[in-house]
Amino acid sequence: MPAPTPETLRALTESLSDVTEYLRENPDPDEALALVEPLLDEYTGLPVQLADTLRALARTIQEHQAIPRTAHVNLLIAELRSAAWEQTDQHTLHYVLDELRALYDDAESEQGCSRCR
């Protein structure tokens with residue numbers, strides 16, 4: 001696999017921005033939930049991936065020979081790791097999506113077609 005580039009990551013963040021803009025246009029809730037579901041997957045979603053990325057960055061900085069071992073650098077590494085834990089805590093957002101989908105599905109089934117009411 002080729003190494004990621006800043007350009008490929010910018011394209012990813014632009015795609016995420018496009019999703020946000022689309023969701024602001026009030027699409028069908030079923031479609032909106034389907035779009036957000038992969039973003040909040042408990043194993044591969046954004047919170048988990050971002051947390052892993054922050055930890056990897058902290059490890060890279062900590063282990064690089066050219067970076068001085070100062071209290072300030074150690075503080076910055078600790079900040080990255082703290083932020084990673086905060087992101088990891090957000091992995092439970094997939095449960096919110098599950099509950100929203102269930103509520104939406106229940107509401108849709110209760111409405112039924114006009115002949116059923």
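Considering the conditions (1) outside any loop (DSSP other than H, G, I, E, B); (2) in contact (Cβ under 8 Å) with a residue 12 or more places away in the chain; (3) among the acidic types (D, E), E21 is excluded by exactly one of them, (2).
Taking the conditions exactly as written (among the basic types (K, R) and not in a loop (DSSP other than H, G, I, E, B)), does R10 satisfy them or not?
Values: among the basic types (K, R): yes; not in a loop (DSSP other than H, G, I, E, B): yes.
Taking the combined requirement at face value, the residue satisfies it.
Can you find even one residue in region 34-46 that is over 11 Å from the mean Cα position of the chain (by Cα) and free of Cβ contacts under 8 Å to residues at least 24 places away in the same chain? Yes: one or more hits.
Only one residue in R81, R117 is of a type in the set (K, R) and modelled with pLDDT under 95, so which one is that? First the steps, then the outcome.
Details: R81 fails: modelled with pLDDT under 95.
Going through R81, R117 in turn, the sole match is R117.
Taking only region 12-29 into account, find how many residues are open to solvent by less than 50 Å² (accessible area, probe 1.4 Å) and either over 14 Å from the mean Cα position of the chain (by Cα) or not hydrophobic (A, V, I, L, M, F, W, C) (or both).
Of the residues in region 12-29, the ones open to solvent by less than 50 Å² (accessible area, probe 1.4 Å) are 19, 27.
Filter again for either over 14 Å from the mean Cα position of the chain (by Cα) or not hydrophobic (A, V, I, L, M, F, W, C) (or both), leaving 27.
Final tally of qualifying residues: 1.
Taking each residue of region 90-103 that is at pLDDT 90 or above and looking for partners that are open to solvent by 80 Å² or more (accessible area, probe 1.4 Å) with beta-carbon atoms closer than 7 Å, six or more apart or interchain, yields L97/E37.
The values are calculated or read from the model by the stated rules, or taken from the named source; none is laboratory data. Computed from a prediction, not measured in an experiment: that's the story for all the values here. Heads up, the Cβs are rebuilt from the backbone with ideal geometry, glycines too, and the neighbour counts pull from every protein chain shown. Ligands, DNA and RNA are excluded from the accessible area calculation, which covers all protein heavy atoms including side chains. Shrake-Rupley method; radii C 1.70, N 1.55, O 1.52, S 1.80 Å.
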